[in-house]
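Here's the structure, in structure tokens; my notes come after.
Every read-out reported here was derived from the displayed coordinates using simple, explicitly stated rules and does not represent laboratory data. No experiment lies behind these values; they were computed from the predicted model shown. Using ideal geometry, Cβ is built from the backbone for each residue, glycine included, and neighbour counts are taken over all protein chains shown.
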Amino acid sequence: MQTNHDDSKAKAEVVVLATGGTIAGTAGSATRADYTSGRVTVDAMIAAVPQIREIARVRGEQLANVGSQDITFAIMIALANRINNLLAEKHNHGVVVTHGTDTMEETAHFLNLTVASRKPVVMTGAMRPATAISADGPLNLYNAVAVAADPQAAERGVLVVMNDRIHGAHSLTKSNTTSVETFISPVNGLIGTVNYGRSEYFRRPFRRHTFNSEFSLDGVSVLPRVDIVHACADMPPDLIDASVERGARGIVIAGDGNGNMNAATIERAARAAAGGVLIVRSSRVPTGNVGRNVEIDDDRLGFVASDELNPVKARILLMLALLKKRSLEEIQRLFYEY
Ligand code: ASP
């Protein structure tokens, strides 16, 4: 069903929380590939798209101004807490978060697990800096605000609006280093589309998120260390030992194929698991599930299978899971439910 914006009704209130990224980036000229992220302020970004005022009452807050390669868990926690507070206020209808695209899927997944509201939370960014020819940021911001103002976007978890597509936080991933059509949702498909502010929704996310998530950041200011070890042919197994020695409480293996790793690495990972380090097998392959006990005997070795989550999202779920003592079975359940 398509949504039109009805001018006869009071406009929704949407808060834009800015964190930086290419959407706030500037270059030396409109055609240069080199640029610096996180230069334009939230007020300037909103002022550059005056048409936004026709679809919502918008105000901005600057939470950070960094390239998303420099996003920290401190920023993610501050963002989640701010969104929870804003959306608890009755007059706010939705929130838009502007963010770099490099780690957008990580912040989206983190917020999907830690924002408790049913109201729309929409992330957006850009692949071209604000100063570029055909910059994609202004229309992405316009569309993101339109989705955040739309009651139909509620209860669908954290959404990412880029290039006319509405992605769910669980399934989206960045697929191209430079193209404006960089985000794909290879596992579950799109939530919908949005064209000049008119949205069409196809489905709701299947997994638990936001208002029915069991995770909370109450009293949390740091998260346990979880490392990612990337598998490859003839991989050196001592990368696992290095992580354990550095104090990792969990290790996600970006495994070959269906979460595989060579025999030497399996042996070190099993030793780490026996010592209490949580080992999650994910995959370096961009799509498909990682199943339990396929080529590796998870039951015997004490490993967890990531199911649908790619390594960076598996890491975030595991960090949140490790905030409290849980059995291996319970952690496996989390990977099936979120
Ligand atoms: N490096 C940039 C960032 O993630 C890329 C982008 O925003 O597209 O902030």
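Three semi-axes describe the equivalent ellipsoid of the chain; taken as square roots of 5 times the Cα gyration tensor eigenvalues and ordered largest first, they are 36, 21, 18 Å. Of interest is the spacing of the C-alpha centroids, which for segment 153-179 and segment 221-280 amounts to 29 Å. Count charges around Ala116 for me, please; just the other residues with Cβ under 14 Å from its Cβ, Lys/Arg as +1, Asp/Glu as -1. So the surrounding residues net to 0. Of the two radii for segment 281-338, the radius of gyration is 0.94 times the Kirkwood radius, both from the alpha carbons; that is the Rg over Rh value. Comparing mean-square fluctuations of His167, His230, His209 from a GNM of the chain with C-alpha springs under 10 Å, the top value falls on His230.
DSSP beta bridges confined to segment 228-307 are antiparallel in about 15 percent of cases. Once the Kirkwood radius over Cα pairs is known for segment 244-319, the Stokes-Einstein relation at 37 °C and 0.692 mPa s delivers a diffusion coefficient of 272 µm²/s. For the chain, a simple Cβ point-charge model (Lys and Arg +1, Asp and Glu -1, everything else neutral) yields a dipole of about 680 debye relative to the Cα centre. Amide H contacts of Met162: His167, each under 5 Å away and 5 or more positions distant or on a separate chain (H built 1.01 Å from N in the peptide plane; Pro and chain starts excluded).
Once the Cβ-Cβ distance between Thr36 and Val222 is put in as r, and R0 is 22 Å, what FRET efficiency do you end up with, to the nearest 0.05? With R0 = 22 Å, the Cβ-Cβ based efficiency is 0.15. Less than 5 angstrom separates the built amide H of Ala12 from those of Arg57, all sequence-distant by 5 or more or on a different chain.
Placing unit charges on the Cβ atoms of the charged side chains and taking the dipole of segment 15-133 about its Cα centre, the candidate lying farthest along the positive direction among Thr103, Ala80, Pro120 is Pro120.
Amide H contacts under 5 Å for Asp307: Val290, restricted to partners 5 or more places along the chain or on a different chain, H placed in the peptide plane at 1.01 Å from N.
Please list, by residue number, every one of the GluC sites (Glu not before Pro) in segment 231-306 that is coil in DSSP and has at most 14 other beta-carbon atoms within 10 Å.
Numbers: sites: Glu245, Glu267, Glu295; in loops: Glu295.
The qualifying sites are Glu295.
Kirkwood-type hydrodynamic radius, segment 79-173: 13.2 Å, calculated from all non-identical alpha-carbon pairs. Taking the DSSP beta bridges with both ends in the chain, the antiparallel portion is around 35 percent. The tail of the calculated P(r) for segment 210-271 beyond 18 Å holds 45 percent of all Cα-Cα pairs. For segment 190-338, the calculated P(r) over all alpha carbon pairs, in 10 Å bins from 0 to the bin holding the longest distance, is 11, 40, 30, 14, 5, 1 percent.
Of the peptides 321-328, 248-255, the ranking by mean beta-carbon count within 10 Å, highest at the top, reads 248-255, 321-328. Using alpha carbons only, the radius of gyration of segment 16-77 set against its Kirkwood radius gives Rg/Rh = 1.03.
With θ taken as phi - 60° and the Karplus curve 6.51 cos²θ - 1.76 cosθ + 1.60 applied, the whole-hertz 3J(HN,Hα) list for segment 55-65 is 10, 7, 8, 10, 9, x, 9, 9, 8, 6, 8 Hz, x standing for glycine and proline.
The long axis of helix 328-337 is offset from the longest Cα principal axis of the chain by roughly 30 degrees. The GNM of the chain, with springs linking C-alpha atoms under 10 angstrom apart, assigns the highest mean-square fluctuation among Ala146, Ala242, Ala273 to Ala242. In the elastic network of the chain, a GNM with C-alpha springs shorter than 10 Å, the most mobile of Ser117, Ser221, Ser171 is Ser221.
By the compact-protein rule of thumb, 2.2 N^0.38 Å, the alpha-carbon radius of gyration of segment 1-141 corresponds to a ratio of 1.05.
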